[in-house]
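Trainee: My questions will all concern the structure given below.
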Ligand SMILES: Cc1cc2nc3c(=O)[nH]c(=O)nc-3n(C[C@H](O)[C@H](O)[C@H](O)COP(=O)(O)OP(=O)(O)OC[C@H]3O[C@@H](n4cnc5c(N)ncnc54)[C@H](O)[C@@H]3O)c2cc1C
């Protein structure tokens, strides 16, 4: 395993701190992964009140002790795909995941992303290392220990190459300044170091970890759960989707339970011929 850089050590310390501050809202995943449900806005009462705009002026308070009518309404709205009331509540997750997981995740376009760019700081110097269960299909290990040692060595080589080349580029920039070839550094970001980071990040593998804030409304989150918690979704994104689901369900158990009921019922009823193929 290669030595981690300063930014990565700080991130590791931050994850430990977040786990201590928000134990019920955080999870570690894989060798360096992390997810936190940082904030949410609205709850089941928000959805029910929105849906009742045409029928009553009575409004539930958030966190209300829901009666049978409320529960039924929530179920019917979900079952009959009354979409917009479910767009009124929001969630913000932060996650640290391999870039190949992010490439699948970002396809969920109805959501907001902010990702660590590697332009202003050095990359996170840790790569995803699949553990035994990630490497095993029906009891058969598709990558053995010898391959895994080579995989880890390759990743380490890339991170070390980045560090060596970045530090060499910085030395050259400093020398060019001392000799007067480049103007002295003014305040703000150093454009030469910045350009070096922009170019050197190109060698980061898709197994390298990145850091994202993800904000999403419940309608779109439900679509994400439906697609990414299913068996045909890739193992690694499923791990994150399952963790996101567990954090969401702990916060809004009635909504989670109702959503799961509707998903289970829809999966039990056979698809019509028109929708029988797998939509991508
Ligand atoms: C098992 C699996 C395999 C996949 N394989 C691939 C792959 O090989 N390559 C690949 O590129 N992607 C792949 N995907 C990604 C997939 O095609 C979707 O892009 C992804 O799941 C996001 O789903 P979505 O479009 O429903 O979500 P969002 O983008 O969040 O959209 C939510 C909903 O909004 C509506 N919507 C959004 N944008 C539009 C639009 N432009 N026009 C009309 N309606 C819109 C749709 O109703 C959509 O369901 C795969 C997904 C899964 C689950």
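Any read-out appearing in this document is the output of simple, stated calculations on the displayed coordinates, not a laboratory observation. Owing to the predicted nature of the structure, the values given are computational and were not obtained by experimental measurement. So basically every Cβ, Gly included, is an ideal-geometry build from the backbone, and we count neighbours across all protein chains shown.
Trainee: How long are the three semi-axes of the equivalent ellipsoid of the stretch 182-245, in whole Å, if each is the root of 5 times an eigenvalue of the C-alpha gyration tensor, listed from largest down?
Mentor: Its equivalent ellipsoid spans semi-axes of 39, 16, 8 Å.
Trainee: Mind sorting 60, 182, 21, 247 by how few other Cβ atoms lie within 10 Å of their own Cβ, fewest first?
Mentor: Going from sparsest to densest Cβ surroundings: 21, 182, 60, 247.
Trainee: Can I ask one more? Cα gyration tensor of the stretch 98-158, axes a ≥ b ≥ c as square roots of the eigenvalues: rounded (a/c below 1.5), prolate (a/b > b/c) or oblate?
Mentor: Working: a/c = 4.38, a/b = 1.45, b/c = 3.02.
Cα axes put the stretch 98-158 in the oblate bin.
Trainee: Only counting other Cβ atoms within 10 Å, I'd like 269, 117 sorted with the fewest neighbours first.
Mentor: In increasing order of surrounding Cβ atoms, one gets 269, 117.
Trainee: When the Cα atoms of the stretch 33-161 are enclosed in a convex hull and the volume is divided per residue, what value in Å³ results?
Mentor: Taking only Cα atoms, the stretch 33-161 has a hull volume of 184 Å³ per residue.
Trainee: What's the percent breakdown of Cα-Cα distances in the chain across 5 Å bins, shortest bin first?
Mentor: Result, from short to long distances: 1, 5, 10, 13, 13, 13, 12, 10, 7, 6, 5, 3, 2, 1, 0, 0 percent.
Trainee: How large is the Kirkwood hydrodynamic radius of the stretch 1-79, counting all unique pairs of alpha carbons, in Å?
Mentor: Working: mean 1/r = 0.0618 Å⁻¹.
Taking the inverse mean of 1/r over all distinct Cα pairs, the stretch 1-79 comes out at 16.2 Å.
Trainee: Under the definition of Cα pairs under 8 Å and six or more residues apart, what whole-number percent is the relative contact order of the chain?
Mentor: Relative contact order of the chain: 29 percent.
Trainee: Which shape class applies to the stretch 124-259: rounded if a/c is under 1.5, otherwise prolate when a/b exceeds b/c and oblate if not, where a ≥ b ≥ c are the square roots of the Cα gyration tensor eigenvalues?
Mentor: Oblate.
Trainee: Okay, next question. Rg/Rh for the stretch 211-253 to two decimals, with Rh computed the Kirkwood way over all alpha-carbon pairs. Could you put the intermediate results ahead of the total?
Mentor: Details: Rg = 10.3 Å, Rh = 10.8 Å.
My calculation of the ratio gives 0.95.
Trainee: A further question on this structure: Which one, 180, 30, 156, has the greatest fluctuation when you compute a Gaussian network model over the chain with C-alpha springs under 10 angstrom?
Mentor: In this elastic network of the chain, the residue with the biggest mean-square fluctuation among 180, 30, 156 is 180.
Trainee: For the stretch 27-67, what is Rg from Cα atoms divided by 2.2 N^0.38 Å, rounded to two decimals?
Mentor: The stretch 27-67 yields a ratio of 1.85.
Trainee: Right, here's the next one. Most mobile of 47, 263, 173 per a Gaussian network model of the chain (Cα springs, under 10 Å)?
Mentor: The residue with the greatest mean-square fluctuation here is 173.
Trainee: Which of the three applies to the stretch 145-214, rounded, prolate or oblate, going by the alpha-carbon gyration tensor with a ≥ b ≥ c and a/c under 1.5 meaning rounded?
Mentor: Judged from the Cα gyration tensor, the stretch 145-214 comes out oblate (a/c at least 1.5, b/c at or above a/b).
Trainee: Also, quick follow-up: In what sequence do 35, 237 fall when counting other Cβ within 10 Å, fewest first?
Mentor: Ordered from fewest to most neighbouring Cβ atoms within 10 Å, 35, 237 come out as 237, 35.
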